[in-house]
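The values are calculated or read from the model by the stated rules, or taken from the named source; none is laboratory data. None of the values given here were measured: they were computed from a predicted structure. Heads up, the Cβs are rebuilt from the backbone with ideal geometry, glycines too, and the neighbour counts pull from every protein chain shown. Side chains included, ligands, DNA and RNA excluded: accessible areas come from the protein's heavy atoms. Shrake-Rupley method; radii C 1.70, N 1.55, O 1.52, S 1.80 Å.
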Amino acid sequence: MVDNAYKYFLGKNFPYIKYTRNYDKIFDCLEKIDFSMYTIIKISNNKNLNDFSIILGHLRNTLYRILLYLPLKDSICIDTCLRMSSELFLKLVYYFLKKDEKSLDKVSSTSFRFLKEEIIKSIYYIKFKNEFDFFFNIYASNSNKIHLKEPIINNNFDYLSDILYSNETNLLNNLSKKLNNFLIYSLRIILTILDIHDYDFKSSDIITLRKKFNINSDSIIDFFK
């Protein structure tokens, strides 16, 4: 069920938008990511990983910006958010790998190419190759679009109108799949590298996670493996 605040936001700022169930899927996934990341931020703070929490906070904000571009059907801006989010997630992992050697500023300025090389050399890449390759591919494929490696035929107001009034089904379906993979893969990796266990979660957070993800198993951690 979509938050009424987002419905109100769309109605106020994009009154021409015809609301569909596809918006429910996107918001539901982003809300799951947001709550999961917020919960992990609290746990990482308890583990004295404050810089880790800062990067995670930027990741949450970047993903949430997708809700702004969704009614515009602007795939370029949405892809940019996904690219930035993938890069932030990789920096999150890199920070953890190098937290005793690298400052937050140095991690923030690290290039994608170097991030990829360092992560591939880590023990976590062996265990999570498919998951990391997903983030590498999201970054690379969306970089091609941003850096004009894909042609644009039109460059006028008709082109902009075509975007606004185009069929959004494919865009939303593809985005939903990517966000769901982002959610599961990122949690799978973060829960492992931070060595998070069920006892690290507060009882109230466990109840909320079980409800949001429809978790019936005894272990929250096992659900994401």
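Determine the calculated [θ] at 222 nm for the chain from helices alone, applying -39500 (n - 2.57) to every DSSP H run no shorter than 4 residues and normalising by the residue count; nearest 500 deg cm²/dmol.
Here the helix-only value at 222 nm equals -23000 deg cm²/dmol.
Under a crude label model (7 Å from the Cα following the beta-carbon direction), how far is THR192 from ASP100 in nanometres?
2.1 nm
Using square roots of five times the C-alpha gyration tensor eigenvalues, list the equivalent-ellipsoid semi-axes of the stretch 71-193 in whole Å, biggest first.
The three semi-axes for the stretch 71-193 are 32, 16, 11 Å.
May I ask you to list the GluC sites (Glu not before Pro) in the stretch 13-121 that are in a DSSP loop and have at most 15 other Cβ atoms within 10 Å of their Cβ?
Those satisfying the criteria are GLU101.
Assuming a ≥ b ≥ c are the square roots of the Cα gyration tensor eigenvalues, decide whether the stretch 174-225 counts as rounded (a/c under 1.5), prolate (otherwise, with a/b larger than b/c) or oblate.
The shape class here is oblate.
Calculate what fraction, in whole %, of the accessible area of the stretch 1-122 sits on carbon and sulfur atoms when a 1.4 Å probe is rolled over the protein chains.
50 percent
Report the Stokes-Einstein translational diffusion coefficient (µm² s⁻¹, integer) for the stretch 30-139, Rh taken as the Kirkwood radius over Cα pairs, at 10 °C with viscosity 1.306 mPa s.
109 µm²/s
Give the relative contact order (percent, whole number) for the stretch 24-94; include only Cα pairs under 8 Å separated by 6+ residues.
30 percent
Taking Cα pairs under 8 Å and at least six residues apart, what relative contact order does the chain come out at, in percent?
It rounds to 24 percent for the chain.
Which angle between 0 and 90 degrees, to the nearest 10, do you get for helix 75-98 versus the longest principal axis of the chain when only C-alpha atoms count?
Helix 75-98 and the main axis of the chain meet at about 10 degrees.
Roughly what angle does helix 4-13 make with the longest principal axis of the chain, taking Cα atoms, 0 to 90 degrees, to the nearest 10?
Here the helix axis deviates by roughly 40 degrees.
Between ILE215 and ASP74, what is the label-point separation in nm under the 7 Å Cα-to-beta-carbon projection?
The answer from the label model is 3.6 nm.
What does the charge count around ILE17 come to, taking other residues whose C-beta lies under 11 Å from its C-beta (Lys +1, Arg +1, Asp -1, Glu -1)?
So the environment of ILE17 carries a net charge of +3.
Once you have the Cα-Cα distance between LYS202 and ALA5, take 0.36 nm times their residue separation minus that, and quote the gain in nm to one decimal.
Contour length minus the Cα-Cα distance gives 68.3 nm.
Work out the length of the dipole vector of the chain about its Cα centre, built from +1 on the beta-carbon of each Lys and Arg and -1 on the beta-carbon of each Asp and Glu, and round it to the nearest 20 debye.
For the chain, the charge dipole is close to 60 debye.
Counting heavy atoms of the protein chains only and a 1.4 Å probe, report the per residue accessible area for the stretch 52-142 as a whole number of Å².
46 Å²
Plugging the Kirkwood radius over Cα pairs into Stokes-Einstein for the stretch 1-60, at a temperature of 25 °C and a viscosity of 0.890 mPa s, what D comes out in µm²/s?
186 µm²/s
Which values of log₁₀ I(q)/I(0), to two decimal places, follow from the Debye formula for the chain at q = 0.14 Å⁻¹ with a uniform point scatterer at every Cα?
Debye curve over Cα of the chain, log10 I(q)/I(0) at q = 0.14 Å⁻¹: -0.95.
Name all residues of the stretch 35-77 having a backbone nitrogen under 17 Å from the label point set 7 Å from the Cα of ASN170 along its Cα→Cβ direction, giving them as ranges.
Only 73-77 fall inside the zone, counting backbone N under 17 Å.
Computed FRET efficiency, Cβ-Cβ of SER161 and ILE120, R0 30 Å: what is it to the nearest 0.05?
Approximately 0.10, to the nearest 0.05.
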